[in-house]
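**Q** Below: one structure in structure tokens.
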Amino acid sequence: MPQFDLPLPQLREYRYPEPEPADFDDFWARTLREQPPLDVVFEPYDAGLTTVDTWDVTFTGYGGDPIKGWLLLPANRSGPVPTAVEYLGYGSGRGIPIESLAYVSSGFGHFIMDTRGQGSSWRAGDTGDPSATGPAVPGYLTRGILDPDDYYYRRLYTDAVRAVDAVRRHPGVGETAVTGRSQGGALSLVVAGLRDDVRGAIPHVPFLSAFRRGTAITEREPYAEIVRWCSIHRTKWEQAFATLAYFDATAFAARATCRGSFSVALMDGVCPPSTVYAAFNAYQGPKDITVWPYNNHEGGGPEDQLRTIRVLRELFQ
């Protein structure tokens, strides 16, 4: 795919022009305040690994729904270790521990949060989404899209915030940073914007940013889910985008003050570069961005993992 978005000098200056809802902060304060107590269970798990200790984690997410995750810690640790909380890309589940060894092999703890209702596209998950309602295009972007209180990502964003509290209940976990790719990158921005106690956010090619821009300039999934829904519910598209405004990663980035380290791919047809730069340019903390000029949505691939490890070392060592 060729470069199709704005030229890089314009991307560096791009600001998403859509206003956020006036009650954005009140909406999220109310959402988090209404949640039930956080119950966390850490079950030791035999993953067949000799250098890694593993726990199968269950914690209380949005509305009391149980959310799964893996906690991986170096077996040779002498005390609490800095830990990366990772959120997953669209359609992915937590998989099995052997798929997630890069960060723990570098001496950090690693918590992988399962994604409610997903985990059947390219890595297996173990968490359902019992609260799904309303007519929706297949996928997750349009579930409950006419009402912010009912929208799918209200539940997932809340899960992501509570995952940090959950993993910190383990005595082997020290300070935390958040990271993820695509949808997971957006979740790391959400958490950095709603919390002031994570050391850094490391989003790779983040999704769910600048919704109107993304749906207007790419035909690729998953933004195409929103386009299809609006083409069928053609009198309700403004109401749908009014809901999406409460979930735009750009608004959360504008509230984040911790270190932010982004990546963007200039041939990315899934998360167009201008949508990534919308979040990056809104980000309020110290920040940097790695540009992959000739990559699509894979971005830096393993290089992004190495970049994450370097940033974690800068943050914690």
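A short reminder: the numbers here are calculations on the coordinates, not readings from a lab. Owing to the predicted nature of the structure, the values given are computational and were not obtained by experimental measurement. With ideal geometry, Cβ positions are generated from the backbone for all residues, glycine too; neighbour counts draw on all protein chains shown.
**Q** Ratio to report: Rg/Rh of region 195-252, with Cα atoms as the point set and Rh obtained by the Kirkwood method; give two decimals.
**A** 1.06
**Q** Taking Cα pairs under 8 Å and at least six residues apart, what relative contact order does region 1-106 come out at, in percent?
**A** Over region 1-106, the number comes to 18 percent.
**Q** Further question: Specify the residue with the greatest mean-square fluctuation among 97, 206, 19, computed from a Gaussian network of the chain linking alpha-carbon atoms under 10 Å apart.
**A** 19
**Q** Moving on to the next point. If the chain between residue 314 and residue 23 were fully stretched, how many nm would it gain, using 0.36 nm times the residue separation less the Cα-Cα distance?
**A** 101.2 nm
**Q** Taking only DSSP H segments of four or more residues, each worth -39500 (n - 2.57), what value at 222 nm results for the chain once the sum is divided by all its residues, to the nearest 500 deg cm²/dmol?
**A** Per the formula, -9000 deg cm²/dmol.
**Q** What FRET efficiency, computed as 1/(1 + (r/R0)^6) with R0 = 35 Å and r the Cβ-Cβ distance, is obtained for residue 35 and residue 236, rounded to the nearest 0.05?
**A** 0.75
**Q** Could I ask something else about it? Please list the helices of the chain that count as membrane-span-like by this rule: a mean Kyte-Doolittle hydropathy of at least -1.0 together with Cα atoms stretching 20 Å or more along the helix axis, each helix being a complete DSSP H run.
**A** Passing helices, by number: 152-167, 302-316.
**Q** Tell me, what ³J(HN,Hα) does each residue in region 284-301 have, in order and in whole Hz, if you take phi through Karplus 6.51 cos²θ - 1.76 cosθ + 1.60 with θ = phi - 60° and put x for Gly and Pro?
**A** Running phi through 6.51 cos²θ - 1.76 cosθ + 1.60 with θ = phi - 60° gives 9, x, x, 8, 8, 9, 9, 9, 10, x, 10, 10, 8, 6, 5, x, x, x Hz.
**Q** Using only the alpha carbon atoms of region 4-51, find the Kirkwood hydrodynamic radius as the inverse mean reciprocal pair distance, in angstroms to one decimal.
**A** Over region 4-51, the inverse of the mean reciprocal pair distance is 16.7 Å.
**Q** Hey, any idea what the orientation-averaged projected area of the convex hull of the chain's Cα atoms comes to, in nm²?
**A** Directional mean of the projected Cα hull area for the chain stands at 14.9 nm².
**Q** Non-local amide H neighbours of residue 69 (under 5 Å, H modeled in plane, Pro and chain starts lacking H): which ones?
**A** Correct list: 57, 114.
**Q** Kindly write out, for region 196-213 in residue order, the coupling ³J(HN,Hα) from the Karplus curve 6.51 cos²θ - 1.76 cosθ + 1.60 (θ = phi - 60°), rounded to whole Hz, with x marking Gly and Pro.
**A** 10, 10, 9, 7, x, 10, 10, x, 9, 5, x, 9, 6, 10, 6, 3, 5, 5
**Q** What Kirkwood hydrodynamic radius do you get for region 113-175 when you take the inverse of the mean 1/r over all pairs of distinct Cα atoms, in Å?
**A** 13.2 Å
**Q** Report relative contact order for region 173-258 in percent, whole number only (criteria: Cα-Cα under 8 Å, sequence separation at least 6).
**A** Once normalised by length, the contact order is 38 percent.
**Q** Starting from region 1-94, pick out the trypsin sites (Lys or Arg not before Pro) whose DSSP state is loop and whose Cβ has at most 16 other Cβ atoms within 10 Å.
**A** 12, 15, 77
**Q** What is the chain's relative contact order, in percent, from Cα pairs under 8 angstrom and six or more apart in sequence?
**A** It comes to 18 percent, rounded to a whole number.
**Q** Now a separate question. Quick one: grab Rg to one decimal and Dmax as a whole number for region 61-108, Cα atoms only, in Å.
**A** 12.8, 37
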